[in-house]
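Have a look at the structure below before the remarks.
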Amino acid sequence: MSRRFSTCGTLGLFSALMMATALFLTIAFLKTGSSATSTVATHGTTVLGTTTDFVTLFNAVLAVSFSFVGQICVPSLIDEMDRPEDFGKSLWTVQLSLLAFFSAVGLTIYGLLGTGVPTPVIAALSPTFAKIVIGFTVPADICIGALFCFIAIKFLIDEVYTVQQQATRTRTVQATWIAATILFWSVSFLVAQLVPFFENLVSLMSAVFGSYFGFTLWSWTYFHAPSSHSCRLVRWALAALNIGIMLYGLLFFFAGGYSSIVAILRAYAAGSVRTAFSCANNGF
């Protein structure tokens, strides 16, 4: 219930440590407990699928992008930094570490399983090993959900109340915060029930939110910020780059939204998942 981003930093650190441990354990267990079969041919030849369509391909792009689009927390982080001038260094450190870590883990898992990697990859483990890994991922997922909920509620509070009102009308603001927390978690539960399959839910979130927080927001912000470059060619080049990023974000939103919704409808039509709001076993 804290309204300070600094308080949530502990949750973020704990979540990162739990998820990193789960990924390292997954890699270690895949050598001994995996039952998945690889679809990669021997002698260095990869068997390519011939029936992959646009929806499947774009959903794969959305799923991968979701791991790297973490800019949703950036505005709140800048707002509460004691030394905002250090933001650039922290951003480079986090993003490069994220890119290196997830790339290394992804390449290692694909090297072990081939192209037949299930989603989530924990499904490739034997039940005993999968339960061990799940024991680390569940706390991490709860902390991530709390962080995303915090960001959304903080944005809402900042829009409804001024800084002075937040400092003086503490009981009213706190009551609004509690009500918003209950509302947001209830909506999250409904979404999770309506889309009860992991990969398509990730694709949908990536299309709806990742397109804005990862691409469109920052390219739009560029045109509202004063330029620090005196060279006209550099300004034109950066403007063209940001226009391209904005267009890519729009493509991400519209094409990604279409492909994720089509994939959800296909999954329901094929009966490969349980129906919405069902108590049937959805385990793997």
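The values are calculated or read from the model by the stated rules, or taken from the named source; none is laboratory data. Bear in mind the structure is a predicted one, so any value in this text is a computation, not a measurement. No Cβ is skipped: glycine too gets one built from the backbone with ideal geometry, and neighbour counts run over all protein chains shown.
Scan the stretch 181-205 for residues that are surrounded by 18 or more Cβ atoms within 10 Å (Cβ to Cβ) and either of a type in the set (Gly, Ala, Ser) or modelled with pLDDT of 90 or more (or both) and the total you get is 1. The single residue among Ala269, Ala263 that is closer than 30 Å to Thr119 by Cα, within 20 Å of the chain's Cα centre (by Cα) and of a type outside the set (D, E, K, R) turns out to be Ala263. Of all residues assigned to the stretch 31-48, at least one qualifies as being at pLDDT 70 or above and in a helix (DSSP H, G or I). When you scan the stretch 220-233, do you find a residue that is assigned to a helix (DSSP H, G or I) and farther than 27 Å from Ile151 by Cα, even just one? The answer is yes; a qualifying residue exists.
Quickly run through the stretch 97-139 and pick out the residues that are among the hydroxyl-bearing types (Ser, Thr, Tyr), under 21 Å from Val202 (Cα atoms) and touching a Ser or Thr at 6+ places or on another chain (Cβ under 8 Å). Walk me through it before giving the result.
Taking the stretch 97-139 and keeping what is among the hydroxyl-bearing types (Ser, Thr, Tyr), we get 97, 103, 108, 110, 115, 119, 126, 128, 137.
In the following step, the residues that additionally are under 21 Å from Val202 (Cα atoms) were identified as 103, 110, 115, 119, 137.
Of everything in the stretch 97-139, just one residue is among the hydroxyl-bearing types (Ser, Thr, Tyr), under 21 Å from Val202 (Cα atoms) and touching a Ser or Thr at 6+ places or on another chain (Cβ under 8 Å), namely Thr115.
Of all residues in the stretch 131-164, how many are within 29 Å of Phe29 (Cα to Cα) and touching a Phe, Trp or Tyr at 6+ places or on another chain (Cβ under 9 Å)? So the answer is 6.
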